[in-house]
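K.L.:
Here you go, one structure.
The values are calculated or read from the model by the stated rules, or taken from the named source; none is laboratory data. Keep in mind the model is a prediction, meaning the values are calculated, not measured. Here the Cβ is made from the backbone with ideal geometry for all residues, glycine too, and neighbour counts use every protein chain on show. Protein only, heavy atoms only, side chains kept; ligands, DNA and RNA dropped before computing areas. Shrake-Rupley method; radii C 1.70, N 1.55, O 1.52, S 1.80 Å.
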Amino acid sequence: MGPADFLTQFDVPGAVASIAPAAEGHINRSWVVTLREGAAPAGRGRPPSSQRFLLQRINERVFTDPVRVMENVALVTQHLAEVLYRIDAPDAERRALRLVPTRSGAPYHRDADGGVWRLYPFIGGAVVREHVTSREEAREIGKAFGTFQRYVADYAGPRLHETIPRFHDTAWRVETLERALAADRAGRAKEARSEIAALRARAGLAEILPPLLASGEIVERIAHNDAKSSNVLLDERTGAALCVVDLDTVMPGTLLYDFGDMVRSATSPTAEDERDLRKVGAQVPLFAGIVEGYAAALGPVLKAEERELLVFAGKLITYEQAVRFLTDHLDGDRYYRIAFPGHNLVRCRTQVKLLESLEQQEGALGRAVERATRC
Ligand code: GN1
Ligand code: MG
């Protein structure tokens, strides 16, 4: 059975005109589906967005309980739809992901092998940025995740599942790296000596947040948990933020995880796997753009205790991601999809370089937070 066969499980009108793999993320498999019925008249360019869908199969090696992932996604998308309806948002169908139900009304389809499939209407007229090059773009990324956080802040439903336990437990990530290093199953530790040393020297970063979360000083919130720039849709005409996508890791956390991921993915004007490390480094105007957009969208939802840790969050998540990429490299690339041998080591190196650059510019980054959050 191919992906087109699973599409028939969902409540969509018309037959499939085309189905093409979508180049999305390191984890799930995705296809863009175009339906035949009611297609735009010839010569009118691409069909309207209601004719296109994004079909996805959840990766069960990463998400061992895909049903709980879908329960979280269903609760959050429902909440977002309610908020957008309440505030009478213009262009609402492009402001949040919406699940297309199956013919029996379920939010996902489970196939005979246990695979979990879901369908979203394709949000048309949108672009994503793998990396960000201007303060304005950075501001829109910040605005998208800030708006998401403001919308979910008044969610009052059941607590979301922790679909990947210890996802942002940095100390556990470091322990996992140490185990991978000790096993060295792919014989690669020798080529990563300087990265290993750099990460070991910074293991103390992992100790800061857990006690603050345990005491409640940093509040638990719904977090997106994969808040990278490429998970934001921007209007292709105006460049304005539309919405955030990839809700698989939406679960309890702190907004610091999301802010940190924005810093990790949008303060260096380079791709996550840039090989020329001379180009990699945090640019203060890009950081300023992120924090401006984020703080403006969040308003009073952002607490002083959180604001104080925004710069730290950028370092923490960049560090954690370096640890995760290196672990996977040492493990023989079993988690992240790679495009060439050594891809995860290349990714780790960009994170380490970015981390060093964040450390060197901490003062300027802190001043950017001050300016953006001054009342
Ligand atoms: C993965 O799904 P995708 O490719 O956007 C990963 C994130 C990492 C990111 C690094 C479930 O995200 O945690 O930050 O790669 N997702 C999962 O680019 O592990
Ligand atoms: Mg993801």
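K.L.:
Going by a ≥ b ≥ c, the root eigenvalues of the Cα gyration tensor, does the stretch 248-289 fall in the rounded group (a/c under 1.5), the prolate group (a/b larger than b/c) or the oblate group?
P.N.:
Note, shape of the stretch 248-289 comes out oblate.
K.L.:
Using a Gaussian network for the chain with springs between C-alpha atoms less than 10 Å apart, which of these wobbles most: Arg29, Arg61, Arg347?
P.N.:
So, out of Arg29, Arg61, Arg347, the one fluctuating most is Arg61.
K.L.:
I've got another one for you. First measure r as the distance between the Cβ atoms of Asp154 and Asp235, then evaluate 1/(1 + (r/R0)^6) with R0 = 35 Å and state the FRET efficiency to the nearest 0.05.
P.N.:
0.85
K.L.:
Could you order Glu178, Glu320, Glu274 so the one with the most accessible surface comes first? Probe is 1.4 Å.
P.N.:
Accessible-area ranking of Glu178, Glu320, Glu274, largest first: Glu178, Glu274, Glu320.
K.L.:
Another question, then. With each pseudo-label sitting 7 Å past Cα toward Cβ, what's the Ala4-Glu162 distance in nm, one decimal?
P.N.:
Here the modelled spin labels are 4.4 nm apart.
K.L.:
GNM, the chain, Cα, under 10 Å: largest mean-square fluctuation among Thr170, Thr327, Thr64?
P.N.:
For the chain, modelled as a Gaussian network with Cα springs under 10 Å, the answer is Thr64.
K.L.:
Now for a separate question. What is the dipole size for the stretch 317-361, taken about its Cα centre, with +1 at each Lys and Arg Cβ and -1 at each Asp and Glu Cβ, in debye to the nearest 20?
P.N.:
Charge dipole, the stretch 317-361, about its Cα centre: 160 debye, nearest 20.
K.L.:
Rg(Cα) of the stretch 252-375 divided by 2.2 N^0.38 Å?
P.N.:
After normalising by residue count via 2.2 N^0.38 Å, the value is 1.10.
K.L.:
Now a separate question. For every helix of n ≥ 4 consecutive DSSP H residues, a contribution of -39,500 (n - 2.57) applies; sum these over the chain, divide by its total residues, and give [θ] at 222 nm rounded to the nearest 500 deg cm²/dmol.
P.N.:
-13000 deg cm²/dmol
K.L.:
Once you have a ≥ b ≥ c as the square roots of the Cα gyration tensor eigenvalues for the chain, tell me rounded if a/c is under 1.5, and otherwise prolate or oblate according to whether a/b is larger than b/c.
P.N.:
prolate
K.L.:
Starting from the Cα-Cα distance between Ser194 and Val67, subtract it from 0.36 nm times their residue separation and give me the gain in nm to one decimal.
P.N.:
41.7 nm
K.L.:
How much area per residue is accessible in the stretch 273-358 when the probe is 1.4 Å and only protein heavy atoms are counted (Å²)?
P.N.:
Counting only protein heavy atoms, the per-residue value for the stretch 273-358 is 34 Å².
K.L.:
Quick check: with the 1.4 Å probe, what order do Thr8, Thr318 take by accessible area, largest first?
P.N.:
From most exposed to least exposed: Thr8, Thr318.
K.L.:
Report, in whole Å, the centroid distance computed from the Cα atoms of the stretch 322-358 and the stretch 244-266.
P.N.:
19
K.L.:
Can you give me the Cα centroid spacing of the stretch 274-292 and the stretch 170-192 in angstrom?
P.N.:
Taking the Cα centre of the stretch 170-192 as reference, the centre of the stretch 274-292 is 28 Å away.
K.L.:
Just Ala288, Ala153, Ala227 to compare: in a GNM of the chain, with alpha carbon springs under 10 Å, which one fluctuates most?
P.N.:
Maximum among the listed residues: Ala153.
K.L.:
I would also like to ask the following. Using only the alpha carbons of the stretch 296-351, what is the convex hull's orientation-averaged projected area in square nanometres?
P.N.:
So the mean shadow area of the Cα hull is 5.3 nm².
K.L.:
Using only Cα atoms, find the angle between the long axis of helix 343-360 and the longest principal axis of the chain, and express it within 0 to 90 degrees, rounded to the nearest 10.
P.N.:
60
K.L.:
Any idea what the relative contact order of the chain is, in percent, if you count C-alpha pairs under 8 Å spaced at least 6 apart?
P.N.:
Reported relative contact order: 19 percent.
K.L.:
Among rounded, prolate and oblate, which fits the stretch 167-245 when a ≥ b ≥ c are the square roots of the eigenvalues of its C-alpha gyration tensor, a/c under 1.5 means rounded, and a/b larger than b/c means prolate?
P.N.:
It is oblate, given that a/c is not under 1.5 and a/b is not larger than b/c.
K.L.:
Ok, one more. Where the centre of each part is set by its Cα atoms, how far does the stretch 56-73 sit from the stretch 77-145, in angstrom?
P.N.:
Answer, in whole Å: 16.
K.L.:
Taking N as the number of residues in the stretch 102-226, what is its Cα Rg relative to 2.2 N^0.38 Å?
P.N.:
1.48
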